[in-house]
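Everything below concerns the one structure shown next.
The values are calculated or read from the model by the stated rules, or taken from the named source; none is laboratory data. Everything quoted here is computed from the prediction, not taken from an experiment. Counting neighbours? That spans all protein chains shown, and the Cβs are built from the backbone with ideal geometry, glycine included. Quick note on the areas: whole protein, heavy atoms, side chains included, nothing else; ligands and nucleic acids left out. Shrake-Rupley method; radii C 1.70, N 1.55, O 1.52, S 1.80 Å.
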Amino acid sequence: MTRVRFAPSPTGFLHIGGARTYIFNWLFARQHGGKVVLRIDDTDRERSTDEALQSIIDGLHWLELPWDEQHHQSERRTKHVEAAEALLAKGLAYRDFTRQNALPEAKDAAGVWLANPVMRELTRDESDRRASAGEPFVVRFRVSLGTDRTITFHDQVFGEQSRKIADIEDFALLRSNGSPTYHLASTVDDSDLGITHIIRGQDHLTNTFKHILLFEALGGDLPVFAHLPLLLGPDGSKLSKRRHGEIVSVTNYRDHGFLPQGIINYLCLLGWSPKDNQELLTRGELIELFKLESVNRTNAVVTFDEDSEQSWADPKALWINGQQLRSLPVRDLLPYVEIELREAGWRLPQNEAGRKPSLEATVDLIRSRFNTLKDFTERGAAYFNDTFPTDIKAEKNLNKEGVRESLRALADRLATLNDFTSESVETTLRSLAEERGMKAGLMINGARAALSGQSVGPSAFAIFTALGRDCVIDRLRKV
RNA sequence: GGCGCUAUCGUCUAAGGGUUAGGACAGGGCCCUCUCAAGGCUCAAAUACGGGUUCGAAUCCCGUUAGCGCUGCCA
(Lines give C-alpha, C1' and ligand atoms only; values in the text may rest on other atoms or scores of the structure.)
Protein backbone atom coordinates (compact mmCIF):
# COMPACT_ATOMS: atom_id res chain seq x y z
CA MET A 1 0.00 0.00 0.00
CA THR A 2 1.36 3.35 -1.01
CA ARG A 3 1.58 5.78 1.88
CA VAL A 4 2.81 9.33 1.53
CA ARG A 5 3.06 12.10 4.05
CA PHE A 6 3.09 15.85 4.20
CA ALA A 7 4.92 17.16 7.23
CA PRO A 8 4.62 20.89 7.77
CA SER A 9 5.97 22.53 10.90
CA PRO A 10 3.41 24.87 12.43
CA THR A 11 5.69 27.87 12.69
CA GLY A 12 3.76 30.02 10.23
CA PHE A 13 1.07 29.96 7.58
CA LEU A 14 1.14 27.46 4.74
CA HIS A 15 2.82 28.99 1.71
CA ILE A 16 2.26 27.92 -1.86
CA GLY A 17 5.51 25.98 -1.97
CA GLY A 18 4.25 23.78 0.84
CA ALA A 19 0.88 23.55 -0.84
CA ARG A 20 2.50 22.31 -4.03
CA THR A 21 4.37 19.64 -2.10
CA TYR A 22 1.09 18.56 -0.55
CA ILE A 23 -0.66 18.51 -3.93
CA PHE A 24 2.03 16.37 -5.54
CA ASN A 25 1.91 13.96 -2.62
CA TRP A 26 -1.85 13.80 -2.84
CA LEU A 27 -1.91 13.22 -6.59
CA PHE A 28 0.69 10.52 -6.29
CA ALA A 29 -1.20 8.74 -3.54
CA ARG A 30 -4.53 8.92 -5.35
CA GLN A 31 -3.01 7.64 -8.54
CA HIS A 32 -1.67 4.64 -6.69
CA GLY A 33 -4.72 4.06 -4.55
CA GLY A 34 -2.70 4.96 -1.48
CA LYS A 35 -3.12 6.98 1.68
CA VAL A 36 -2.13 10.52 2.55
CA VAL A 37 -0.78 11.15 6.02
CA LEU A 38 -0.72 14.67 7.41
CA ARG A 39 1.95 14.86 10.04
CA ILE A 40 2.40 18.02 12.01
CA ASP A 41 6.11 18.35 12.72
CA ASP A 42 5.92 20.28 15.95
CA THR A 43 9.02 19.03 17.73
CA ASP A 44 10.18 22.60 18.12
CA ARG A 45 7.54 23.47 20.71
CA GLU A 46 8.76 26.98 21.23
CA ARG A 47 8.27 28.04 17.65
CA SER A 48 5.06 26.13 17.03
CA THR A 49 1.80 27.98 17.47
CA ASP A 50 -1.86 27.05 17.37
CA GLU A 51 -2.57 29.90 14.99
CA ALA A 52 -0.06 28.55 12.51
CA LEU A 53 -1.47 25.06 12.84
CA GLN A 54 -4.97 26.33 12.24
CA SER A 55 -3.88 28.33 9.23
CA ILE A 56 -2.18 25.28 7.74
CA ILE A 57 -5.25 23.12 8.28
CA ASP A 58 -7.49 25.84 6.82
CA GLY A 59 -5.29 26.16 3.77
CA LEU A 60 -5.15 22.43 3.15
CA HIS A 61 -8.84 22.05 3.81
CA TRP A 62 -9.63 24.71 1.23
CA LEU A 63 -7.76 22.77 -1.45
CA GLU A 64 -10.37 20.03 -1.16
CA LEU A 65 -7.75 17.33 -1.26
CA PRO A 66 -8.56 15.40 1.90
CA TRP A 67 -5.96 13.50 3.86
CA ASP A 68 -6.56 10.10 5.41
CA GLU A 69 -4.66 10.29 8.68
CA GLN A 70 -3.38 13.01 10.91
CA HIS A 71 -0.58 12.81 13.48
CA HIS A 72 1.30 15.21 15.69
CA GLN A 73 4.95 14.59 16.37
CA SER A 74 4.71 16.14 19.80
CA GLU A 75 2.42 13.25 20.79
CA ARG A 76 4.96 10.72 19.65
CA ARG A 77 7.86 12.07 21.61
CA THR A 78 8.23 8.96 23.76
CA LYS A 79 8.84 6.84 20.69
CA HIS A 80 11.49 9.24 19.46
CA VAL A 81 13.33 9.30 22.77
CA GLU A 82 13.16 5.52 23.03
CA ALA A 83 14.67 5.22 19.58
CA ALA A 84 17.51 7.53 20.56
CA GLU A 85 18.14 5.57 23.73
CA ALA A 86 18.20 2.32 21.80
CA LEU A 87 20.81 3.76 19.46
CA LEU A 88 22.78 4.98 22.44
CA ALA A 89 22.66 1.52 24.00
CA LYS A 90 23.84 -0.06 20.77
CA GLY A 91 26.70 2.39 20.50
CA LEU A 92 25.30 3.84 17.30
CA ALA A 93 24.94 7.17 19.06
CA TYR A 94 26.85 8.95 21.79
CA ARG A 95 26.45 11.75 24.28
CA ASP A 96 28.14 15.00 23.45
CA PHE A 97 28.72 17.13 26.53
CA THR A 98 30.10 20.08 24.61
CA ARG A 99 28.49 23.27 25.82
CA GLN A 100 25.94 24.74 23.46
CA ASN A 101 27.40 27.33 21.12
CA ALA A 102 30.92 26.25 21.97
CA LEU A 103 32.41 25.56 18.55
CA PRO A 104 34.47 22.40 18.33
CA GLU A 105 38.07 23.25 17.53
CA ALA A 106 37.87 20.99 14.52
CA LYS A 107 35.50 23.40 12.85
CA ASP A 108 37.87 26.32 13.16
CA ALA A 109 40.79 24.33 11.89
CA ALA A 110 39.37 22.56 8.88
CA GLY A 111 36.46 24.80 8.11
CA VAL A 112 34.31 21.71 8.23
CA TRP A 113 33.00 20.13 11.32
CA LEU A 114 32.31 16.42 11.27
CA ALA A 115 32.60 15.23 14.81
CA ASN A 116 34.04 16.06 18.18
CA PRO A 117 36.64 13.29 18.62
CA VAL A 118 36.84 13.74 22.37
CA MET A 119 33.12 13.23 22.94
CA ARG A 120 32.93 10.52 20.34
CA GLU A 121 35.53 8.43 22.13
CA LEU A 122 34.27 8.91 25.66
CA THR A 123 34.01 5.55 27.42
CA ARG A 124 30.55 4.35 28.26
CA ASP A 125 31.31 4.51 31.96
CA GLU A 126 32.46 8.07 31.83
CA SER A 127 29.55 9.04 29.62
CA ASP A 128 27.08 7.45 32.03
CA ARG A 129 28.82 9.02 35.01
CA ARG A 130 28.68 12.54 33.58
CA ALA A 131 25.10 12.07 32.49
CA SER A 132 23.92 10.90 35.86
CA ALA A 133 25.85 13.76 37.45
CA GLY A 134 23.41 16.00 35.62
CA GLU A 135 25.75 17.42 33.03
CA PRO A 136 23.77 18.47 29.95
CA PHE A 137 24.42 16.70 26.69
CA VAL A 138 23.11 16.25 23.20
CA VAL A 139 22.84 12.80 21.69
CA ARG A 140 24.58 12.51 18.35
CA PHE A 141 24.44 9.86 15.71
CA ARG A 142 27.78 8.12 15.31
CA VAL A 143 28.52 8.27 11.60
CA SER A 144 31.04 5.59 10.68
CA LEU A 145 33.67 8.07 9.66
CA GLY A 146 36.44 5.56 9.26
CA THR A 147 34.90 3.67 6.38
CA ASP A 148 35.12 4.76 2.81
CA ARG A 149 31.56 3.73 2.14
CA THR A 150 29.45 5.81 -0.19
CA ILE A 151 25.71 6.00 0.34
CA THR A 152 23.68 5.81 -2.81
CA PHE A 153 20.01 6.13 -3.49
CA HIS A 154 17.87 6.65 -6.51
CA ASP A 155 15.83 9.80 -6.26
CA GLN A 156 12.68 9.63 -8.36
CA VAL A 157 13.28 13.16 -9.59
CA PHE A 158 17.00 13.82 -9.31
CA GLY A 159 18.18 10.36 -10.25
CA GLU A 160 21.19 8.62 -8.79
CA GLN A 161 22.51 10.40 -5.71
CA SER A 162 25.57 9.49 -3.76
CA ARG A 163 27.65 10.90 -0.99
CA LYS A 164 30.74 9.72 0.81
CA ILE A 165 30.01 8.84 4.39
CA ALA A 166 33.14 10.76 5.32
CA ASP A 167 31.37 13.96 4.29
CA ILE A 168 28.52 13.50 6.75
CA GLU A 169 28.82 15.03 10.18
CA ASP A 170 27.66 13.51 13.45
CA PHE A 171 24.22 15.10 13.53
CA ALA A 172 22.12 15.58 16.64
CA LEU A 173 19.31 13.23 17.63
CA LEU A 174 18.27 14.68 20.97
CA ARG A 175 18.72 18.24 22.15
CA SER A 176 20.15 18.98 25.58
CA ASN A 177 16.61 19.53 26.83
CA GLY A 178 15.83 15.97 25.81
CA SER A 179 13.61 16.81 22.85
CA PRO A 180 14.09 15.01 19.54
CA THR A 181 15.46 16.82 16.53
CA TYR A 182 13.82 16.88 13.16
CA HIS A 183 16.07 14.19 11.70
CA LEU A 184 15.27 11.72 14.46
CA ALA A 185 11.56 12.41 14.77
CA SER A 186 11.03 12.47 11.06
CA THR A 187 12.82 9.21 10.40
CA VAL A 188 11.30 7.36 13.33
CA ASP A 189 7.84 8.46 12.26
CA ASP A 190 8.32 7.75 8.58
CA SER A 191 9.39 4.28 9.55
CA ASP A 192 6.71 3.80 12.18
CA LEU A 193 3.87 5.16 10.08
CA GLY A 194 4.85 2.94 7.20
CA ILE A 195 5.57 5.73 4.76
CA THR A 196 6.53 4.22 1.41
CA HIS A 197 7.31 7.39 -0.55
CA ILE A 198 8.83 10.56 0.78
CA ILE A 199 8.05 13.44 -1.56
CA ARG A 200 9.41 16.72 -0.25
CA GLY A 201 11.36 19.83 -1.14
CA GLN A 202 14.81 19.71 -2.62
CA ASP A 203 16.17 21.44 0.46
CA HIS A 204 16.11 17.97 2.02
CA LEU A 205 18.06 16.28 -0.74
CA THR A 206 21.34 16.30 1.15
CA ASN A 207 19.62 15.50 4.44
CA THR A 208 18.45 12.27 2.88
CA PHE A 209 21.83 10.62 3.41
CA LYS A 210 21.51 11.18 7.14
CA HIS A 211 18.02 9.80 7.09
CA ILE A 212 19.16 6.70 5.22
CA LEU A 213 21.80 6.12 7.89
CA LEU A 214 19.10 6.44 10.52
CA PHE A 215 16.67 4.15 8.73
CA GLU A 216 19.40 1.54 8.63
CA ALA A 217 20.26 1.97 12.30
CA LEU A 218 16.59 1.81 13.26
CA GLY A 219 16.15 -1.31 11.18
CA GLY A 220 13.25 -0.01 9.11
CA ASP A 221 12.57 -0.40 5.41
CA LEU A 222 13.87 2.36 3.23
CA PRO A 223 11.15 4.39 1.55
CA VAL A 224 11.41 5.73 -1.97
CA PHE A 225 12.60 9.33 -2.11
CA ALA A 226 11.55 12.07 -4.48
CA HIS A 227 12.69 15.65 -4.12
CA LEU A 228 10.88 18.54 -5.67
CA PRO A 229 12.55 21.63 -7.13
CA LEU A 230 12.08 24.71 -4.98
CA LEU A 231 9.75 27.61 -5.60
CA LEU A 232 11.60 30.90 -5.71
CA GLY A 233 10.32 34.42 -5.15
CA PRO A 234 10.76 37.21 -7.72
CA ASP A 235 14.04 38.02 -6.00
CA GLY A 236 15.36 34.53 -6.73
CA SER A 237 15.41 33.35 -3.15
CA LYS A 238 13.60 30.33 -1.79
CA LEU A 239 9.95 31.11 -1.14
CA SER A 240 9.48 31.71 2.56
CA LYS A 241 6.99 33.09 4.99
CA ARG A 242 9.57 35.28 6.60
CA ARG A 243 11.01 36.70 3.44
CA HIS A 244 8.00 37.04 1.18
CA GLY A 245 5.26 37.42 3.72
CA GLU A 246 1.56 36.81 3.66
CA ILE A 247 1.38 37.32 -0.10
CA VAL A 248 2.61 33.75 -0.65
CA SER A 249 0.15 32.27 1.81
CA VAL A 250 -2.34 29.80 0.40
CA THR A 251 -5.13 31.53 2.27
CA ASN A 252 -4.22 34.75 0.52
CA TYR A 253 -5.12 33.13 -2.78
CA ARG A 254 -8.35 31.88 -1.28
CA ASP A 255 -9.18 35.32 0.05
CA HIS A 256 -8.53 36.88 -3.34
CA GLY A 257 -11.16 34.65 -4.91
CA PHE A 258 -9.13 31.78 -6.26
CA LEU A 259 -10.81 28.47 -6.90
CA PRO A 260 -9.09 25.43 -5.40
CA GLN A 261 -8.85 23.95 -8.88
CA GLY A 262 -7.26 27.20 -10.07
CA ILE A 263 -4.43 27.27 -7.57
CA ILE A 264 -3.93 23.52 -7.89
CA ASN A 265 -3.66 23.72 -11.66
CA TYR A 266 -1.22 26.62 -11.46
CA LEU A 267 0.95 25.06 -8.78
CA CYS A 268 1.16 21.76 -10.64
CA LEU A 269 2.63 23.54 -13.62
CA LEU A 270 5.49 24.82 -11.48
CA GLY A 271 8.15 22.17 -11.77
CA TRP A 272 6.01 19.68 -13.62
CA SER A 273 4.23 19.47 -16.94
CA PRO A 274 2.32 16.80 -18.81
CA LYS A 275 4.78 17.32 -21.69
CA ASP A 276 2.09 17.72 -24.31
CA ASN A 277 1.46 21.46 -24.10
CA GLN A 278 -1.76 20.93 -22.19
CA GLU A 279 -2.01 23.51 -19.44
CA LEU A 280 -5.59 23.43 -18.28
CA LEU A 281 -6.10 20.28 -16.29
CA THR A 282 -8.86 19.02 -14.07
CA ARG A 283 -8.15 17.25 -10.82
CA GLY A 284 -9.00 13.95 -12.46
CA GLU A 285 -6.59 14.59 -15.30
CA LEU A 286 -3.87 15.54 -12.85
CA ILE A 287 -4.34 12.32 -10.91
CA GLU A 288 -4.06 10.39 -14.11
CA LEU A 289 -1.13 12.25 -15.66
CA PHE A 290 1.10 13.15 -12.74
CA LYS A 291 4.46 11.39 -12.80
CA LEU A 292 7.35 11.93 -10.42
CA GLU A 293 9.66 11.10 -13.29
CA SER A 294 8.45 14.09 -15.24
CA VAL A 295 9.07 16.55 -12.44
CA ASN A 296 11.79 19.06 -13.37
CA ARG A 297 15.00 19.57 -11.49
CA THR A 298 15.14 23.31 -11.87
CA ASN A 299 13.72 25.75 -9.37
CA ALA A 300 10.75 27.76 -10.56
CA VAL A 301 10.19 31.46 -10.00
CA VAL A 302 6.79 32.62 -8.85
CA THR A 303 6.31 36.18 -10.03
CA PHE A 304 4.26 38.60 -8.02
CA ASP A 305 4.48 42.20 -7.03
CA GLU A 306 3.65 43.05 -3.45
CA ASP A 307 3.30 46.72 -4.27
CA SER A 308 0.74 46.23 -6.98
CA GLU A 309 -2.91 45.59 -6.26
CA GLN A 310 -3.32 44.15 -9.76
CA SER A 311 -0.39 41.78 -9.92
CA TRP A 312 -0.36 40.48 -6.36
CA ALA A 313 -0.26 37.03 -7.99
CA ASP A 314 1.46 35.60 -11.01
CA PRO A 315 -0.55 36.75 -14.07
CA LYS A 316 -0.54 33.20 -15.32
CA ALA A 317 -2.08 32.01 -12.08
CA LEU A 318 -4.87 34.53 -12.55
CA TRP A 319 -5.33 33.41 -16.14
CA ILE A 320 -5.50 29.75 -15.18
CA ASN A 321 -7.98 30.54 -12.44
CA GLY A 322 -10.11 32.42 -14.96
CA GLN A 323 -10.00 29.49 -17.34
CA GLN A 324 -11.06 27.12 -14.57
CA LEU A 325 -13.80 29.48 -13.52
CA ARG A 326 -15.17 29.49 -17.06
CA SER A 327 -14.79 25.85 -17.91
CA LEU A 328 -16.19 24.33 -14.73
CA PRO A 329 -19.78 23.11 -15.12
CA VAL A 330 -21.88 26.02 -13.81
CA ARG A 331 -23.44 23.73 -11.24
CA ASP A 332 -20.03 23.05 -9.76
CA LEU A 333 -19.13 26.71 -9.73
CA LEU A 334 -22.33 27.83 -8.07
CA PRO A 335 -21.49 26.80 -4.51
CA TYR A 336 -18.36 28.94 -4.62
CA VAL A 337 -20.29 31.91 -5.98
CA GLU A 338 -22.95 31.50 -3.34
CA ILE A 339 -20.35 31.58 -0.60
CA GLU A 340 -18.82 34.67 -2.13
CA LEU A 341 -22.19 36.44 -2.26
CA ARG A 342 -23.07 35.41 1.25
CA GLU A 343 -19.79 36.74 2.55
CA ALA A 344 -20.60 40.05 0.92
CA GLY A 345 -23.78 39.98 2.98
CA TRP A 346 -26.10 39.68 0.01
CA ARG A 347 -29.22 37.68 -0.28
CA LEU A 348 -29.13 35.09 -2.98
CA PRO A 349 -31.38 36.07 -5.88
CA GLN A 350 -34.44 33.93 -6.12
CA ASN A 351 -36.01 32.81 -9.32
CA GLU A 352 -39.23 34.79 -9.56
CA ALA A 353 -41.94 32.78 -11.23
CA GLY A 354 -39.94 32.16 -14.33
CA ARG A 355 -39.49 35.82 -15.05
CA LYS A 356 -35.91 35.87 -14.09
CA PRO A 357 -33.47 33.42 -15.50
CA SER A 358 -31.82 31.14 -13.02
CA LEU A 359 -28.86 32.10 -10.95
CA GLU A 360 -26.94 29.60 -13.03
CA ALA A 361 -27.73 31.46 -16.24
CA THR A 362 -26.61 34.75 -14.75
CA VAL A 363 -23.41 33.28 -13.40
CA ASP A 364 -22.78 31.64 -16.73
CA LEU A 365 -23.34 34.91 -18.54
CA ILE A 366 -20.96 37.03 -16.54
CA ARG A 367 -18.25 34.54 -15.70
CA SER A 368 -16.67 34.66 -19.14
CA ARG A 369 -15.21 38.02 -18.14
CA PHE A 370 -14.13 37.07 -14.66
CA ASN A 371 -10.90 35.70 -13.30
CA THR A 372 -11.70 35.30 -9.62
CA LEU A 373 -14.69 34.81 -7.37
CA LYS A 374 -14.19 38.35 -6.11
CA ASP A 375 -15.32 39.58 -9.50
CA PHE A 376 -18.83 38.36 -8.74
CA THR A 377 -19.24 40.80 -5.89
CA GLU A 378 -17.18 43.58 -7.41
CA ARG A 379 -17.64 43.76 -11.16
CA GLY A 380 -20.76 41.63 -10.89
CA ALA A 381 -22.47 43.61 -8.15
CA ALA A 382 -25.36 44.84 -10.31
CA TYR A 383 -26.44 41.31 -11.11
CA PHE A 384 -27.03 40.34 -7.52
CA ASN A 385 -27.80 43.54 -5.71
CA ASP A 386 -29.94 46.62 -6.23
CA THR A 387 -27.35 49.01 -5.00
CA PHE A 388 -24.20 49.10 -7.05
CA PRO A 389 -21.68 51.73 -8.01
CA THR A 390 -21.68 53.42 -11.39
CA ASP A 391 -18.24 53.93 -12.80
CA ILE A 392 -16.99 57.06 -14.50
CA LYS A 393 -17.13 55.77 -18.06
CA ALA A 394 -20.64 54.45 -17.54
CA GLU A 395 -21.66 57.83 -16.20
CA LYS A 396 -20.23 59.40 -19.35
CA ASN A 397 -22.26 57.08 -21.55
CA LEU A 398 -25.41 58.06 -19.67
CA ASN A 399 -24.66 61.74 -19.98
CA LYS A 400 -24.48 61.67 -23.74
CA GLU A 401 -27.09 63.75 -25.51
CA GLY A 402 -30.58 62.34 -25.10
CA VAL A 403 -29.54 59.03 -23.63
CA ARG A 404 -31.26 59.25 -20.24
CA GLU A 405 -34.51 60.42 -21.72
CA SER A 406 -34.48 57.70 -24.38
CA LEU A 407 -33.86 55.05 -21.77
CA ARG A 408 -36.85 56.21 -19.77
CA ALA A 409 -38.91 56.04 -22.92
CA LEU A 410 -37.57 52.58 -23.55
CA ALA A 411 -38.73 51.51 -20.11
CA ASP A 412 -42.29 52.49 -21.00
CA ARG A 413 -42.19 50.49 -24.21
CA LEU A 414 -40.70 47.44 -22.52
CA ALA A 415 -43.53 47.49 -20.02
CA THR A 416 -45.98 46.83 -22.84
CA LEU A 417 -44.03 43.97 -24.41
CA ASN A 418 -45.73 40.57 -24.51
CA ASP A 419 -42.51 38.65 -24.65
CA PHE A 420 -39.49 39.90 -22.77
CA THR A 421 -36.65 38.27 -24.67
CA SER A 422 -33.34 39.58 -25.81
CA GLU A 423 -34.70 39.61 -29.40
CA SER A 424 -37.85 41.52 -28.56
CA VAL A 425 -35.89 43.98 -26.43
CA GLU A 426 -33.41 44.53 -29.23
CA THR A 427 -36.17 45.14 -31.77
CA THR A 428 -37.87 47.58 -29.43
CA LEU A 429 -34.69 49.44 -28.66
CA ARG A 430 -33.57 49.69 -32.25
CA SER A 431 -36.90 50.95 -33.50
CA LEU A 432 -37.08 53.50 -30.72
CA ALA A 433 -33.59 54.68 -31.59
CA GLU A 434 -34.57 54.99 -35.23
CA GLU A 435 -37.71 56.97 -34.39
CA ARG A 436 -35.62 59.37 -32.40
CA GLY A 437 -32.96 59.60 -35.06
CA MET A 438 -30.43 58.31 -32.61
CA LYS A 439 -27.64 55.80 -33.08
CA ALA A 440 -28.64 52.51 -31.51
CA GLY A 441 -25.18 52.11 -30.03
CA LEU A 442 -25.69 55.15 -27.83
CA MET A 443 -28.76 53.63 -26.28
CA ILE A 444 -27.23 50.22 -26.04
CA ASN A 445 -24.20 51.49 -24.19
CA GLY A 446 -26.39 53.71 -22.12
CA ALA A 447 -28.56 50.76 -21.18
CA ARG A 448 -25.55 48.76 -20.09
CA ALA A 449 -24.46 51.67 -17.96
CA ALA A 450 -27.89 52.08 -16.40
CA LEU A 451 -28.43 48.41 -15.77
CA SER A 452 -24.99 47.34 -14.60
CA GLY A 453 -23.25 50.56 -13.64
CA GLN A 454 -20.46 49.69 -16.02
CA SER A 455 -19.34 50.66 -19.48
CA VAL A 456 -18.07 47.16 -20.11
CA GLY A 457 -19.62 43.77 -19.68
CA PRO A 458 -21.80 41.24 -21.46
CA SER A 459 -23.93 41.97 -24.44
CA ALA A 460 -26.46 44.61 -23.36
CA PHE A 461 -29.41 42.52 -24.47
CA ALA A 462 -28.19 39.60 -22.42
CA ILE A 463 -28.14 41.91 -19.42
CA PHE A 464 -31.79 42.84 -19.99
CA THR A 465 -32.89 39.25 -19.78
CA ALA A 466 -30.50 38.36 -17.00
CA LEU A 467 -32.02 41.03 -14.77
CA GLY A 468 -35.60 40.43 -15.78
CA ARG A 469 -38.24 42.89 -16.86
CA ASP A 470 -39.19 44.39 -13.51
CA CYS A 471 -35.66 45.12 -12.53
CA VAL A 472 -34.84 46.55 -15.96
CA ILE A 473 -37.82 48.88 -16.02
CA ASP A 474 -37.08 50.01 -12.51
CA ARG A 475 -33.48 50.81 -13.26
CA LEU A 476 -34.20 52.52 -16.56
CA ARG A 477 -36.85 54.75 -15.02
CA LYS A 478 -34.49 55.89 -12.31
CA VAL A 479 -31.87 56.91 -14.81
C1' G B 1 35.36 27.50 3.13
C1' G B 2 33.40 22.14 2.23
C1' C B 3 29.75 19.00 -0.14
C1' G B 4 25.72 18.75 -3.47
C1' C B 5 21.90 20.32 -7.09
C1' U B 6 20.63 23.33 -11.28
C1' A B 7 21.18 26.43 -15.92
C1' U B 8 16.08 26.98 -23.00
C1' C B 9 12.20 33.56 -24.66
C1' G B 10 10.83 38.58 -19.05
C1' U B 11 8.07 34.15 -16.44
C1' C B 12 6.20 28.77 -16.57
C1' U B 13 7.74 25.06 -19.85
C1' A B 14 8.46 21.36 -24.67
C1' A B 15 12.25 19.13 -27.59
C1' G B 16 17.01 14.46 -24.34
C1' G B 17 22.29 13.71 -30.79
C1' G B 18 19.53 15.86 -36.97
C1' U B 19 13.10 20.63 -35.67
C1' U B 20 12.73 27.31 -39.28
C1' A B 21 14.17 25.32 -30.92
C1' G B 22 7.34 24.25 -30.04
C1' G B 23 3.37 25.88 -26.50
C1' A B 24 1.38 29.08 -22.53
C1' C B 25 1.27 33.80 -19.57
C1' A B 26 2.62 38.81 -19.95
C1' G B 27 3.59 42.69 -24.27
C1' G B 28 2.55 44.62 -29.71
C1' G B 29 -0.85 44.22 -34.01
C1' C B 30 -5.23 42.38 -36.72
C1' C B 31 -10.17 39.98 -36.97
C1' C B 32 -14.89 39.57 -34.43
C1' U B 33 -18.18 43.47 -32.15
C1' C B 34 -23.32 47.45 -28.95
C1' U B 35 -18.76 47.93 -24.94
C1' C B 36 -15.31 44.86 -22.46
C1' A B 37 -13.80 40.18 -22.10
C1' A B 38 -13.67 35.44 -24.41
C1' G B 39 -12.23 33.31 -29.03
C1' G B 40 -9.34 33.24 -33.77
C1' C B 41 -4.98 34.98 -36.45
C1' U B 42 -0.32 37.32 -36.02
C1' C B 43 4.50 39.96 -34.41
C1' A B 44 8.56 40.32 -31.04
C1' A B 45 11.20 37.24 -27.57
C1' A B 46 15.58 31.90 -25.47
C1' U B 47 19.47 27.22 -25.53
C1' A B 48 24.69 31.36 -19.46
C1' C B 49 30.06 31.37 -21.21
C1' G B 50 34.43 28.56 -23.01
C1' G B 51 36.44 24.12 -24.63
C1' G B 52 35.88 19.05 -26.25
C1' U B 53 33.38 14.33 -28.48
C1' U B 54 30.67 13.84 -33.23
C1' C B 55 29.39 14.14 -40.17
C1' G B 56 26.04 16.75 -36.82
C1' A B 57 25.30 19.28 -29.81
C1' A B 58 20.15 23.02 -26.54
C1' U B 59 20.80 17.66 -25.90
C1' C B 60 26.86 13.84 -24.20
C1' C B 61 31.84 15.18 -21.50
C1' C B 62 35.15 18.85 -19.04
C1' G B 63 35.94 23.67 -17.17
C1' U B 64 34.15 28.62 -15.88
C1' U B 65 30.39 31.67 -14.15
C1' A B 66 25.84 32.36 -11.75
C1' G B 67 21.81 30.80 -8.69
C1' C B 68 20.03 27.64 -5.02
C1' G B 69 20.38 23.98 -1.10
C1' C B 70 22.88 21.46 2.95
C1' U B 71 26.93 22.23 6.15
C1' G B 72 22.18 24.07 13.42
C1' C B 73 20.78 21.46 20.05
C1' C B 74 15.60 24.97 12.79
C1' A B 75 12.49 22.10 9.85
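Atom-type composition of the exposed protein surface of the stretch A:398-441 places 44 percent of the accessible area on carbon and sulfur (1.4 angstrom probe). In units of the compact-protein estimate 2.2 N^0.38 Å, the stretch A:131-198 shows a Cα radius of gyration of 1.40.
Legend: translational diffusion of the stretch A:168-232 by Stokes-Einstein, Rh = Kirkwood radius over C-alpha pairs, 4 °C, 1.567 mPa s; D = 103 µm²/s. Residue-normalised convex hull volume from the C-alpha trace of the stretch A:356-433: 126 Å³ per residue.
Measuring nothing but protein heavy atoms, the accessible surface of the stretch A:158-301 at 1.4 Å probe radius is 46 percent carbon and sulfur. Ellipticity at 222 nm from helices only: DSSP H runs of n ≥ 4 in chain A, each -39500 (n - 2.57), divided by the residue count, give -13000 deg cm²/dmol.
Computed over Cα pairs, the Kirkwood radius of the stretch A:341-479 leads via Stokes-Einstein (1.567 mPa s, 4 °C) to a diffusion coefficient of 85 µm² per second. Accessible area per residue for chain A is 47 Å², calculated with a 1.4 Å probe on protein heavy atoms, without ligands, DNA or RNA.
Neighbours of A:ARG436 by Cβ distance under 15 Å: Lys/Arg scored +1, Asp/Glu scored -1, total +1.
Here is the list for the stretch A:21-65: GluC sites (Glu not before Pro) lying in DSSP coil, each with at most 14 other C-beta atoms within 10 angstrom of its C-beta, are A:GLU46, A:GLU64.
Using square roots of five times the C-alpha gyration tensor eigenvalues, list the equivalent-ellipsoid semi-axes of the stretch A:187-289 in whole Å, biggest first.
One finds semi-axes of 30, 19, 14 Å for the stretch A:187-289.
Using Cα-Cα distances under 8 Å and only pairs 6 or more residues apart, what relative contact order does the stretch A:1-132 have, in percent?
22
Couplings 3J(HN,Hα) for the stretch A:66-71, derived from phi with the Karplus relation 6.51 cos²θ - 1.76 cosθ + 1.60 (θ = phi - 60°), are x, 9, 9, 9, 9, 9 Hz, where x marks Gly and Pro. Considering only Cα atoms, the convex hull volume of the stretch A:1-142 works out to 164 Å³ per residue. Size descriptors for the stretch A:207-351 (Cα atoms only): Rg and Dmax, in that order, 19.2, 68 Å. The relative contact order of chain A comes to 13 percent, based on Cα pairs under 8 Å that sit 6 or more residues apart.
Using a simple spin-label model with pseudo-atoms 7 Å out from Cα toward Cβ, A:ASN207 and A:MET1 lie 2.6 nm apart.
Taking the inverse of the mean reciprocal distance over all distinct Cα pairs, the Kirkwood hydrodynamic radius of the stretch A:1-50 comes to 11.7 Å.
Neighbours of A:ALA449, meaning other residues whose beta-carbon lies under 11 angstrom from its beta-carbon, give a summed charge of +4 when Lys and Arg score +1 and Asp and Glu score -1. The amide H of A:TRP312, built 1.01 Å from its N in the peptide plane, has A:ASP305 as neighbours under 5 Å, considering only residues 5 or more places off or on other chains. Summing charges over neighbours of A:ASP364, with a neighbour being any other residue whose Cβ is under 11 Å away from its Cβ, gives +2 when K and R count +1 and D and E count -1. Close amide H pairs (under 5 Å, H built 1.01 Å from N) link A:LEU174 with A:VAL139, A:THR181, residues at least 5 positions away or on another chain.
Our note on the geometry: Cα centres of the stretch A:395-452 and the stretch A:200-238, 66 Å apart.
Taking all Cα-Cα distances within chain A, those exceeding 41 Å account for 39%.
For the stretch A:296-409, pairs of C-alpha atoms spaced more than 23 angstrom apart make up 48 percent of the total.
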